[in-house]
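So the structure is just underneath, and the comments pick up after that.
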Amino acid sequence: MMEMKKQSVHGEWSSRFAFILAATGSAVGLGNIWKFPYITGENGGGAFVLVYLMCVLVIGIPIMIAESMLGRHTRQSPIGAMQQLTKEANADVHWHYLGWMGVIAGLLILSYYSVIAGWATAYVFKAFFGSFSGGDARDIKELFDTFTGSPLTLMFWHTLFMGATMWIVAQGIKDGLERAVRFLMPGLFVLLVVLVGYAMTTGAYAQGLHFLFKPDFSKITGNAVLIAMGHAFFTLSLGMGAIMVYGAYLPKNVSIAQTSILIAAADSIVALLAGLAIFPIVFANHLEPSSGPGLIFQTLPIAFGNMTGGWLIGILFFVMLVFAALTSAISVIEPAVAWLVETDRFDRKTACIWSGLTVWLLGLGTVFSFNVWADIKVFDKTFFQLLDYLTANLMLPIGGFCIAIFSGWIMLQKHSEAELAFSNPLYYRLWQNLVRYVAPVGIFLVFLHVVGVL
Ligand code: PFF
């Protein structure tokens, strides 16, 4: 009875490929296109890329395998999954909190992710209507300040983005999430290739390559290693149950380990291509490869407004950013929606309305932190900065740490073995050692770093 109910409530991806598209869509987001290029530039280029890839390999992939496995074994939301797994393993009931933390982290993350994605949506229109045309650094900064200074404007774009996200999620796994990623992911890939192709014609491609890939091992400090590790985590959407709930919809006969490796590789390739699209444009226009939101919303538009073909390239760039953000956003809210449906009190559409409204309301805090609440700070951080810090730096690493420990030490080994179904027992041992020892120790170091001990 229970088993039948679980199947009928949520449904499945129609194929392995659909899962790969959806999970890659979750992983590829603002983290790849905005954050990865600049932290790479700041931390030694090629040497940093190597460290980051190592982190993806020894921490990211094992935890992605673990999350997908926990999801598929239980076929439920992270909350339902942790309740079932705890019971099966006769483990302490406090493990239930892991599911709750994931769902709450998702609501918090989406509340600010949606506001920033709303900026990207607005910038598609700004690009289209020629707002960057001929603008110098001061004009573009003024445009950005006026835009973020208006609570009503930001609220409008936040509402639009949340509306689109919840509309897709409300249609269900196959007709909503899957249909969206089947259209958005190839679109994103084509846009990225076009932009990299354009970057090759700017005359500064070699400079961009040099900036991104020239190994400078002197810059590989302990701090850089920790930044690489933290980013591997955020960019793969790990630690909050997004991949867990996507794994819950994965058909039984699909190899979890193989698909996880593919997804992690695709995510890293997109991050590298994003760098190869952005930096040549920045250098060709004699701009600073500065950090943070500035690179995307204040530096690139100067180039778009002044270069040949910049009108079209600007539009394509921000459309790509919206696509990337949308396929991540739908995965961030899915754990909450799936759980509400599992309570039997809501159908999927009503679950979407309530969770969407909650996120929308929370998002107002981020909207206001750029204008009317800009001066209200706790621990020297605005509401937005506080949320970002709490989720990305604390909740995700703690969630990932617990997922590694749970799947390596607590979950019944016969279940993980059966679910992973490795052809060679050595692979299982390797995975088990990675989640038992390597990943927890690595995450612990990141955690010490973000709380300021290291
Ligand atoms: N991976 C997304 C990015 O790189 O932008 C962000 C993200 C999505 C984080 C989903 C966490 C999550 F569950």
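Rule-based calculations on the coordinates, nothing more; no lab input. Treat the numbers as computed from the prediction; the structure is a model and nothing was measured. When we count neighbours, we look across all protein chains shown, and the Cβ atoms used for this are built from the backbone with ideal geometry, even at glycine.
Consider residue 264 carefully, then state whether it is under 28 Å from residue 77 (Cβ atoms), out of contact with any strand residue (DSSP E or B) (no Cβ under 7 Å at 6 or more places or on another chain) and part of a helix (DSSP H, G or I).
yes
Considering each of 201, 235 in turn, give the residue that is farther than 30 Å from residue 108 by Cβ and either within 13 Å of the ligand (Cβ to nearest atom) or exposed (fewer than 15 other Cβ atoms within 10 Å of the Cβ) (or both).
The match here is 201.
If residue 269 passes every condition in (1) in contact (Cβ under 8 Å) with a residue 40 or more places away in the chain; (2) within 16 Å of the ligand (Cβ to nearest atom); (3) assigned to a helix (DSSP H, G or I) but one, which one does it miss?
For residue 269, the exception is condition (1).
Name the single residue, out of those in the stretch 56-66 being out of contact with any Gly (no Cβ under 6 Å at 6 or more places or on another chain) and surrounded by 23 or more Cβ atoms within 10 Å (Cβ to Cβ), that is nearest to residue 410 (Cα to Cα).
For the stretch 56-66, the residue satisfying everything is 66.
Restricting to the stretch 318-354, give me the number of residues that are closer than 26 Å to residue 36 by Cβ and either in contact with an Asp or Glu (Cβ under 7 Å, 6 or more places away or on another chain) or within 16 Å of the ligand (Cβ to nearest atom) (or both).
Within the stretch 318-354, residues that are closer than 26 Å to residue 36 by Cβ and either in contact with an Asp or Glu (Cβ under 7 Å, 6 or more places away or on another chain) or within 16 Å of the ligand (Cβ to nearest atom) (or both) number 17.
Please go through (1) under 28 Å from residue 230 (Cα atoms); (2) more than 26 Å from the chain's Cα centre (by Cα) for residue 406 and return the number of the only condition it doesn't satisfy.
Among (1) under 28 Å from residue 230 (Cα atoms); (2) more than 26 Å from the chain's Cα centre (by Cα), the lone unmet condition for residue 406 is (2).
Condition first: free of Cβ contacts under 8 Å to residues at least 12 places away in the same chain and assigned to a loop (DSSP other than H, G, I, E, B). Now tell me which residues in the stretch 368-417 satisfy that.
373, 374, 375, 376, 377, 379, 380, listed by residue number.
Could you identify the single residue in 105, 120 that is in contact (Cβ under 8 Å) with a residue 12 or more places away in the chain, within 12 Å of the ligand (Cβ to nearest atom) and touching a Phe, Trp or Tyr at 6+ places or on another chain (Cβ under 7 Å)?
On inspection, the qualifying residue turns out to be 120.
In the stretch 363-410, which residues are surrounded by fewer than 23 Cβ atoms within 10 Å (Cβ to Cβ), out of contact with any Phe, Trp or Tyr (no Cβ under 9 Å at 6 or more places or on another chain), within 30 Å of residue 439 (Cα to Cα) and among the aliphatic types (A, V, I, L, M)?
Of everything in the stretch 363-410, those that are surrounded by fewer than 23 Cβ atoms within 10 Å (Cβ to Cβ), out of contact with any Phe, Trp or Tyr (no Cβ under 9 Å at 6 or more places or on another chain), within 30 Å of residue 439 (Cα to Cα) and among the aliphatic types (A, V, I, L, M) turn out to be 390, 395, 405.
Here are 77, 26: which of them is surrounded by 24 or more Cβ atoms within 10 Å (Cβ to Cβ) and within 13 Å of the ligand (Cβ to nearest atom)?
Within the list 77, 26, the selection yields 26.
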